[in-house]
Structure formats: structure tokens, C-alpha cells
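To start, the structure itself, in C-alpha cells.
The values are calculated or read from the model by the stated rules, or taken from the named source; none is laboratory data. It should be emphasised that the depicted structure is a prediction, and the values quoted were computed from it without experimental measurement. Reconstructed Cβ throughout: ideal geometry from the backbone, glycine too, with neighbour counts over all protein chains shown. All accessible areas refer to the heavy atoms of the entire protein, side chains included, with ligands and DNA or RNA removed. Shrake-Rupley method; radii C 1.70, N 1.55, O 1.52, S 1.80 Å.
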Amino acid sequence: MTAPKVAADTAFRAADYLRVPEPWEVFGERSQRYEIHLNGRSIELVRGPILLEGFGVRVFRRRDAGLASGFQASTDLSAEGVKAAATDAEALSEHSSFPAKKIELPGSGPSGENGLEVCDPRLWERPMETLNEYVDAALGPFDTIRGAQPSFGSVRATLTETTLTNSAGLKASYARTLVWFELAVKAQGGPEGAPPGEYWVNETMSRVEPSRVEAQVPDWCRYAEDVRRAVPPPTGELPVVLPTSILSTIVPSVLGTRFTGRARLREVAPGIGEAWGNESVTVHDDGRVPWGVGSSPVDDEGTPQRRRTLLDHGKVKELLYDVRHAGVFGTESTGSGIRGREFVYLDWRRFLHPPQVTSTTLVVEPGTGGSDAELVEAAGEGLWVQQLGWAIPDPLSGAFGGEIRIGYRIRGGKLAEPVRGGTVGGVVLSPPGTPSLLGNIAAIGSAPALAEGILSPTLLVRPLTVAGK
Amino acid sequence: MTDLREFEDDFAHALARLVHRTRFVELLAELEEGEEVRIDRRSLTPSLDPRIQGAVIRAWGGERWVEAATSALNRASLDQAAASVERSVSKSATGAAPPGESATTRGEWADRPARPMRSLGSDAMISLARDAFSWAIAVPGVKDCQVEVGWSENQRFYLNSAGARCFQLISRVGANVAPIAIENGRVEYDYLSRGYIGGQERLGFLSQERVADVAKGTVELLHARAPPTGEMSVLLDQGTTGTLAHESFGHGTEADQFLRDRSYLRPILGQTVGPESLTIIDQGSHPDGWGTFYFDDEGHLGQRTVLIDRGKFIGALHDRETAAALHVSATGNARRSDFLSRLFVRMTNTYVEPGDWTFDELVREAKNGVVLEHCTSGIEDPLGGQMQIKVKKGRKIENGQLTDLVSSMALSGKVLEVLRQIKGLSRPGDFEMSPGYCGKGHTDLLPVGSGGTFLLSTAVVGPA
């Protein structure tokens, strides 16, 4: 698959006007955004193109306490506009402090022409037409489905040409696409007198796959229908099966915070070699996962992406570094300088943000647990969680928990009645010898799936705390 | 400082291109400037709001709305955005009127704080942040503390083909203090967070006493017990009560959900949903709310909308389209996150009116249960009528007395059951409005206020 040629020169143009001492970097983006919003099965609003071109300039300056930095972003690409942003960055660096001993900016990087799959070529060529086809594919199955219909939804696509340059000679560029899709499916079928049920799909991805969305609709309708007859879960410590879609809302924000040089600087990172997970668990961070929303040829500082092993059979092997935190500890950047990921939100306007060190796509190595059905069988008496209300954990303490929007009791090794309400929770990560999600993994499935920031099989955790009636 | 009104001729030129192609067109331009200082034990990071500004043009396309936006405020780029809209407008656009009433508001409003944050200067902001940091770190057991002090000035300039012309400048100021304690690999933090409309005069809350209190609370969390689980009496602090209002009768009364037939509340409009003591308000014109504004992004003035009046569900939140569909007036709740984002019906400042209990009386009334303190997030379920609220900590109530400190929890339950089981609210002196950011679904975050006093009810609680 050939990546589109990048025509934008945003960062390079801004750098031409830059008159500041080294070291410096400029990150540029030229984006087009297209959106279709649905009300039921009707198109309510069409947006686009929404055009945005801008850059972020960062300068590094030696101060008493180390190497400070200043950052400013702007959409003004005139000579005066670049000068104003650079003046802001210089002024901010005057006041800032950071204990880096040195800063080593990457001197070269691959371009987007290296085969990495981060740009949907059809979407790139015909954005609105492709989105319309995707909407048709998502809505088509409802022609023949009785008792469930979409109540609202949207698909929003951003086509971005990214450019990076710095005082070390880096000139990198690549194109990528990012798609955000939501659809609320409302069920009226099922038990008489019960209120309607809803299953609310939220997905972030790098490409649109009409055939995939079309195939998923019947499952979404079934979940919405099951909401209508769901009962509250029990209270207690239960084996819980967590599919990839749930793990994507729980695991990346904790590991992406704690397994970093930033956490090490604040003395909250796990120690290398310590056992913070079950010995069956190996977790990598991989910035080159095909179609991963965190994937790119280079990170947002220009360091080539690669795979990093965070947990090797439960033991901490490696932490993530951007150039600043690498400079504190005398190590190299791992390609983990990422822009625009604040908490759980992925901002499509990355140039507005300075890089932060965090994960890209976490890869949990498949285990021997087999299929989802086999994991359910292994659970015996427990709970399958299909969707949580807001599971987002506290990234520092690692505590997570959320309301069960739809799940299923597991009885005798089989999925049984749907459950809804109450909460399921625990701690993602905790010190050696204390219970946690990663420490209590009882089985790892054999088939990984990609969901936003994680590529993982389904996991069986024994136990997690469930609070119901 | 750039003033959006300087671009008025270019805005008008872009609109003029469309007025003969559609029955209605509007333009909203936005510019925000601001500054923040973030400090912790190892670093100091000042930052400025990005130099970004832009405008979105929305037109009635005959059957649906169409819009385009640009981040370049010059005639050529604005005309290009207008041309994009023009291409999407159907030939019938001049015949069909858009839904609802077009605003005709004209006026200019600007916050004029007694002591604007802009004049404080970076050094003074850093000094303030360092003071707060030193107060926290002085508490034994606190290893680090993240302090953020910041302000913003948001300009919005709105024009439409019905004659509306309005400009506003909203000044916001706020600070967060989050001490961190670590022991045997366990990491805990607590927080103090406030945000207001205004200037330097609003930062008085950042006192040594308050910061030390939250720092001591952080250290105590290292030894907090696991929260109780199951259904029990829940006593919510002010911020959590505000979030209850926001999640329970805020999202569910955003009337676009009514039109999508996605609100469990629509069929019960006019019915009694809670005790006489329960009144819930949404107020964009609130003098002290993080979500306060003068006019919304359709040009309608911010106002006070009663959602629940003494237990009876009487009102909802509207933009022009939902108001027309339901034969009421727009309530000034049409908001965009920014000029790059679409418009939705959104909350502003949502709060529960105070009651007449004391906190101690509510604890005694609860008998056994838990106090939920320092809300961290909430999420609604507009169709299913459930909600989830997460808090950082709490305290068990046993035999009408406060006992053990407990760690983070999630409250969940059916909204109507939780509201019906409200036993009381504390007095006006306890009222607080908290700043926050609200999404429509998982996107489109914008500033909102949530407020109330202590509230006693029953719900399911579990770890989070």
C-alpha cells in the first residue's frame, strides 16, 4: 500500500522564518476534517472541510537547574507570526526549569513512504464520499433488523499531513488519517413494559472499514436488546472476563503514566526487574502497530518508532522516554514523545501541544487461554463485562471502576443472563505482592484484537470487586 | 491584545456571499488568550494559550445545516469557507426557512475584573504557585505536589443574517493543587480546585490553611480503607451534589435528546420526580459559574432555566431547533467547544438549590452509609436513566457517626430512584459551585459549573 505523498511543508516553512539559537524544533500539521452527524437514520449535519494549519515551536535553553524549554503554537505562518510564536517560546523558557542534563534531538527520521499503515488511502482521496459509504454500511443492516434502530451517531475524519524539523537536521513528514465513530443503538424489542435499551458504540481508528461495521451491527443490537432484560449484578469478589474494548479504557492510561521517565522523575515508576504483573503477562509498547491510532513512522519529536517491552513475564523491563526525560537520566528517547493525548482524549490538533511522554499502542502478548468461550468456561462462576460507563482509572494510584452498562453473568462456564448497573473495579497496577488487575490475571486469550490504544486478547482476571444489589 | 471586532468587515463580506443563497446564515468567531503556570518538585512549566483564532460559518441548507470553518481570519480564507458552505447549500435553501427563531440580539459585553489576571505577570503567578507548593510539601509525608494557576480571556463575536450582532469577553481564573503521597509503592493524591469568572481577586481561596488541609488529607489516604460495597445511604459533598444534578437532570434535559427520543425524561415532563426539597437549575447567566456567558453560540442570551421545581420536573434546555420542535423558546444553551466544533444543546452551570438541614443532622439521619467527597468524574445514561459518579475519597457513617476514611469510589444507580430517595439537603451557607469540563458523549469538552450543598440519598457504591 502506497502512502500518499505529503504536499504540506508547514514546519519547514515556519522554520525558514525562525531566528532563534539552537536547539529548537518545529512540529507542523495541515489538516482537513470532515464530519457527518446522524439523527436517527437521517443526516442532521454535514461539516467540512474544516481547515486547520499550524505549528508548534519548542526551544531548549540551559538554566541553573538544567535545560529548560519553552513552547508555543500558532496558526499564523507569516514571518511575523512565526517570530511572535518564537518570542513567546523564548520568554516561557526564561521562566521554566527542568532537570535535564542534555537534550539530544533526533537528526534524521523516516518519511511516510516506509509502508507503515497509518493512512487510509481511499479516505484520503475521497473523504466525504468514503464517509458516506461508511454511514451507509453502518445503517444498512437496520433495514432488516426488527426492534432496534440507531438514535444518533456521527463519523468524524481528520486527514493530516505532519511535518517535523529541528536544529539537528531532522526533516520528516508523513500523512495519516484518524476516524472517530459513535453510534447509539436503541432497542424497543424484548420484554413488554421494559424501558428501551441502548448500546453506545465509541471507536477511534485509523481507517474506515465498511464491511467490519456492517458485520458488527447485529451484535450491537443484541446488546441493546439485552439491556432491557438485564438485572443488577451480585456483590462480591468474582472472576471477571474483560474483552479488549474494556481493556482499552483501563490499561493504557495507567501504564502510559507509570511506566515512563516522567513517573521515574517523580519517584512513582515501578523499579526495573520488579514483579508488577502475573508471570504470564508480557506487555510491549509498539508505535508501529498497523492501523494503531498511536502509530507513526516517528514520534512527535522525530525519533523513529519501535517496540519497547514494558513487562516481561510480569517483571518490569523498560520505561518510556521522550527527549527531555531521557536527558534527565542520561539515556535515549524511546520514541515516546507524544502530543495531544491529554488524559484519555486524543486531540486531532496535535500541533497545539508540546510532547508528553506516554505509550502509543500497548501490545499484550497472546496466551494459552484460547477463545472467548474457553475463557468464559475457565471463569466458571463469574462476570463478562461488555461495556462500562466510565472506567477511566486514576493514572497515579491505578484505581479504576465503572458502572456496568451491559455485562453477562457466567454460570457453569457459560454466558447466562445479562446484567446492568452496579460497579466493577479494582487497581490496574500495584506494588509487588499486592492484588491488582495485572497481578490477578488468571488466563490470557489467544486471539488479540486492536482497540484504540491496545492490541490485546481478552483477559480473565480472578478476582475483581463487583458491587451490585 | 487582538480584538475580534477588528475583522468585522471581513466577516460581513463572507456572510454577504451567502445571504442570497439561503434563508439563514450565521458566523461565530472565537479567540482565546491565556496563561498557565504548572509547578512540581522537579520542574516549572509556564505556558501560553496557542495563538489560534478562527471562525465557523453555518447556513441552513434547505433540509439540513451545513458549515465550514477556518483558522485564518482574513478575507480570502473566510470567503473560501463561505464558498464551501455555498457548494453544500441546496437549490431549495432560499425557499425553506430554518427551524426555530433566529436570534436578533445586539450588544457587547466584556468582563472587567477589578484586578485582571493579564496584569499580574508571570513572575507573580509563579510566586503564587510556589507558595502553594511550599505549603503542601511542608506537610510530613507529602512527597510532591502539582500546582496549576491559570487564566483565560475568551472572545466570541457572533453575526447572523437576521440582524444579530454580539460580542463578549469572558475572563476565567482558576487554580488546582494536588499533593502526592507515596508509601511502599502506594501512590495517592487529593486535590483542591477552584475556578471563577473574574481576576486576581478570585485567587484568595488559595490559602495556606486550605492547601495544608488537602495535603494532610492526601497523606491520610495512604491508610484509607477500601470503600464499602453495595446499596447504602450516600451523603454527597457539594461538588458531588453538583455532579449529581449535572448527570441526572442535566444531560437528560438537553432537548436534542428529546428529539432523538433518547431521553427517559421526556415522557415524564410535568411529573413529580423528587421530594419538595429538590430544585435543580441550569443558569448560563450565573454570576459565579465556570460555565457562565452572556450569549450562546446561536446569539441567544444566557438565562436561568428551572429544570426541577420543588420536586416537579418542569423544564428542559434548548437551542433554536429543539425549542421550535417542542413549541417553547430557546433557553440559551446552544454551545460549541470552539470554532472547530459543532454546536450542541449543552448545560452551563447546573446546581441543586440548598435545603435546611445541617451536615451533622444529615450524618445522623444517614445512620449507616458513606460520605462521598471530592468528585472526579461523572457520566450519564440519558436513555436508560442510570448514572455513575466517581469520587476521590469518603468517610464511612456508622450509627450516625463519621468513622473510617475510605479510598476512591463510584456511585451508580437509577437517577429517578436516587432522586426519590433524597432525604435532605444542607443549608445555603454550605453552597459551593465547582468548575469542570463536560463532554457531549466523549468529545466536545467545554467549561461548566456544578453546584449544591450536602445531599443525602441512597445508591449503590463500589470501588473505583
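How many percent of all Cα-Cα pairs in the stretch A:278-422 sit more than 26 Å apart? It would help to have the intermediate numbers written out before the result.
Details: 4322 of 10440 pairs.
That fraction is 41 percent.
Straight-line reach from residue B:143: which aspartates and glutamates have Cα under 17 Å away, leaving out those fewer than 8 places along the same chain?
Cα-Cα hits under 17 Å: A:267, B:40, B:131, B:183, B:188, B:190, B:213, B:220.
Show me A:395-407, A:138-150, A:90-102, A:60-72 ranked by packing, highest mean number of other Cβ atoms within 10 Å first. It would help to have the intermediate numbers written out before the result.
On the way: A:395-407: 26.0, A:138-150: 16.6, A:90-102: 18.2, A:60-72: 20.4.
My ranking of the peptides, most packed first, is A:395-407, A:60-72, A:90-102, A:138-150.
Separation between the residue B:364 and residue B:119 pseudo-spin-labels, each 7 Å from Cα along Cα→Cβ, expressed in nm?
5.1
Let me make sure I get this right: for the stretch A:119-265, a, b and c are the square roots of the gyration tensor eigenvalues over alpha carbons, sorted descending. Under 1.5 in a/c it's rounded, otherwise prolate if a/b > b/c, else oblate. Which is it?
Numbers: a/c = 3.80, a/b = 1.38, b/c = 2.76.
Oblate shape, in that a/c is at least 1.5 and b/c is the bigger or equal ratio.
Provide the gained length on full extension for the span residue B:19 to residue B:87, in nm with one decimal, where the gain is 0.36 nm per separating residue minus the Cα-Cα distance.
Details: separation 68, 0.36 × 68 = 24.48 nm, distance 1.36 nm.
That works out to 23.1 nm of additional length.
Amide H of residue B:144 versus every other amide H placed in the peptide plane: which residues, excluding those fewer than 5 positions away on the same chain, fall under 5 Å?
Residues meeting the criterion, in which the H sits 1.01 Å from N, are B:180.
Per residue of the stretch B:378-388, what does 6.51 cos²θ - 1.76 cosθ + 1.60 with θ = phi - 60° give for ³J(HN,Hα)? Whole Hz please, x for Gly and Pro, Karplus curve as stated.
With coefficients 6.51, -1.76 and 1.60, one gets x, 8, 9, 9, x, 8, x, x, 10, 8, 9 Hz.
Give the distance, in whole Å, between the Cα centre of the stretch A:1-23 and the Cα centre of the stretch B:260-285.
So the separation of the two Cα centres works out to 53 Å.
Got a sec to turn the phi values of the stretch B:177-188 into Karplus ³J(HN,Hα) couplings, 6.51 cos²θ - 1.76 cosθ + 1.60 with θ = phi - 60°, whole Hz, x for Gly and Pro?
Each residue's phi maps through the Karplus curve to give 10, 10, x, 10, 10, 9, 8, 6, x, 7, 10, 9 Hz.
Using only alpha-carbon positions, what ratio does the radius of gyration of the stretch B:4-221 give when scaled by 2.2 N^0.38 Å? Intermediate values should be presented prior to the final figure.
Values: Rg = 23.7 Å, N = 218, 2.2 N^0.38 = 17.0 Å.
Taking N as the residue count of the stretch B:4-221, the ratio is 1.39.
With every protein chain left in place and a probe of 1.4 Å, what is the accessible surface of residue B:43, to the nearest 10 Å²?
Counting only protein heavy atoms, the figure is 10 Å².
What average count of beta carbons from other chains do you get within 10 Å of the Cβ of residues in B:380-392? Intermediate results must be reported in sequence, preceding the final value.
Values: counts 2, 8, 4, 11, 14, 1, 7, 3, 11, 3, 13, 0, 3.
Counting other chains' Cβ atoms within 10 Å and averaging over B:380-392 gives 6.
May I ask you to derive the relative contact order of chain A, considering only C-alpha pairs under 8 Å and at least 6 residues apart, and to give it as an integer percent? The partial results should precede the final answer.
Details: 1317 pairs, mean separation 75.2, N = 469.
Worked out over chain A, it gives 16 percent.
In a Debye calculation with equal point scatterers on the alpha-carbon sites of the stretch B:370-426 and no solvent, what is log10 I(q)/I(0) at q = 0.15, 0.16, 0.25 Å⁻¹?
-0.52, -0.59, -1.09
Shielding of A:422-431 by partners, i.e. mean partner chain Cβ atoms within 10 Å per residue? If you can, show how the numbers build up before the last one.
Details: counts 9, 12, 4, 9, 3, 4, 0, 2, 3, 5.
Partner Cβ neighbours, averaged per residue: 5.
222 nm [θ] for the protein assembly as shown, helices only, -39500 (n - 2.57) per DSSP H run of 4+, per residue, to 500?
Details: 18 runs with 189 residues, N = 933.
Helix contribution divided over all residues of the protein assembly as shown: -6000 deg cm²/dmol.
How big is the shadow of the Cα convex hull of the stretch B:144-294, averaged over all directions, in nm²? All intermediate terms of the calculation are to be shown ahead of the outcome.
Details: hull surface 58.2 nm².
The orientation-averaged projected area of the Cα hull of the stretch B:144-294 comes to 14.5 nm².
Would you mind getting the accessible area per residue of the stretch B:4-221, heavy atoms of the protein chains only, 1.4 Å probe, in Å²? Spell out each step's value before the answer.
Details: 8570 Å² over 218 residues.
Here the residues of the stretch B:4-221 average 39 Å² of exposed surface.
In the stretch A:351-433, what is the volume of the convex hull around the alpha carbon atoms, normalised per residue and reported in Å³?
167
Show me you know the interface measure: the accessible area buried between B and A, both chains summed, probe 1.4 Å, in Å² to the nearest 100.
Values: alone 19400 and 19120 Å², together 32200 Å².
Buried area between the two chains comes out at roughly 6300 Å².
Please report, in whole Å³, the volume per residue of the convex hull around the C-alpha atoms of the stretch B:230-463. Provide the component values of the computation, followed by the final result.
Working: hull volume 24.3 nm³, N = 234.
Hull volume normalised by residue count: 104 Å³.
For the stretch A:141-187, what D do you get in µm² per second when you plug the Kirkwood radius from alpha-carbon pairs into Stokes-Einstein at 20 °C and 1.002 mPa s? Please report the intermediate quantities before stating the final value.
Values: Rh = 14.2 Å.
Here the translational diffusion coefficient equals 150 µm²/s.
On average, how many beta carbons from a partner chain sit within 10 Å of the beta carbon of a residue in B:64-73?
Values: counts 7, 5, 4, 6, 6, 7, 6, 10, 7, 2.
Per-residue shielding by partner chains comes out at 6.
Would you work out if chain B is rounded, prolate or oblate? Take a ≥ b ≥ c from the square roots of the eigenvalues of the alpha-carbon gyration tensor; rounded if a/c is under 1.5, else prolate when a/b is larger than b/c, oblate otherwise.
oblate
Positive end of the dipole of the stretch A:320-469, charges at C-beta (+1 Lys, Arg; -1 Asp, Glu), about the Cα centre: which of A:468, A:373, A:434 has its Cα farthest in that direction?
My answer, from the dipole projection, is A:468.
Return the distance in nm (one decimal) between the two label points of a simple spin-label model at residue B:106 and residue A:78, each offset 7 Å from Cα along Cα→Cβ.
Each label point is offset 7 Å from its Cα along the Cβ direction, giving 3.1 nm.
Can you check what the Kirkwood hydrodynamic radius comes to for the stretch B:306-366, Cα pairs only, in Å to one decimal? If you can, show how the numbers build up before the last one.
Details: mean 1/r = 0.0694 Å⁻¹.
Across the stretch B:306-366, the inverse of the average 1/r is 14.4 Å.
Which distance in nm do the two modelled labels at residue B:3 and residue A:272 give, with both placed 7 Å along the Cα-to-Cβ direction?
Going by the 7 Å Cα→Cβ label model, 5.9 nm.
Under the Karplus relation 6.51 cos²θ - 1.76 cosθ + 1.60, θ = phi - 60°, what is the ordered set of whole-Hz ³J(HN,Hα) values for the stretch A:290-297, x standing for Gly and Pro?
x, 6, x, 5, x, 8, 5, x
What is the ratio of the Cα radius of gyration of the stretch A:10-229 to 2.2 N^0.38 Å, where N is its residue count, to two decimals?
Numbers: Rg = 23.6 Å, N = 220, 2.2 N^0.38 = 17.1 Å.
Computed over Cα atoms of the stretch A:10-229, the ratio equals 1.38.
Could you work out the relative contact order of chain B? I mean the mean sequence separation of Cα pairs under 8 Å and 6+ apart, divided by the number of residues, in percent. Don't skip to the answer; put the middle values down first.
On the way: 1261 pairs, mean separation 72.2, N = 464.
Averaging sequence separation for qualifying contacts and normalising by length gives 16 percent for chain B.
Show me the three semi-axes of the equivalent ellipsoid for the protein assembly as shown, from the C-alpha gyration tensor (sqrt of 5 times each eigenvalue), largest first, rounded to whole Å. The partial results should precede the final answer.
Values: eigenvalues 269, 241, 190 Å².
Calculated on Cα positions only, the semi-axes equal 37, 35, 31 Å.
Based only on Cα atoms, what mean projected area does the convex hull of chain A have, in nm²? Write out the running numbers ahead of the final one.
Working: hull surface 89.5 nm².
Spelled out: convex hull of the Cα atoms, projected over all directions, averaged, 22.4 nm².
Using only the alpha-carbon atoms of the stretch A:266-321 as identical scatterers, what base-10 log of I(q)/I(0) does the Debye formula give at q = 0.12, 0.14, 0.19, 0.29 Å⁻¹?
-0.34, -0.45, -0.73, -1.04
What relative contact order, as a whole-number percentage, does the stretch A:10-229 give when Cα pairs under 8 Å and 6 or more residues apart are counted? Please list the in-between numbers first.
Values: 509 pairs, mean separation 47.4, N = 220.
About 22 percent, as a whole number.
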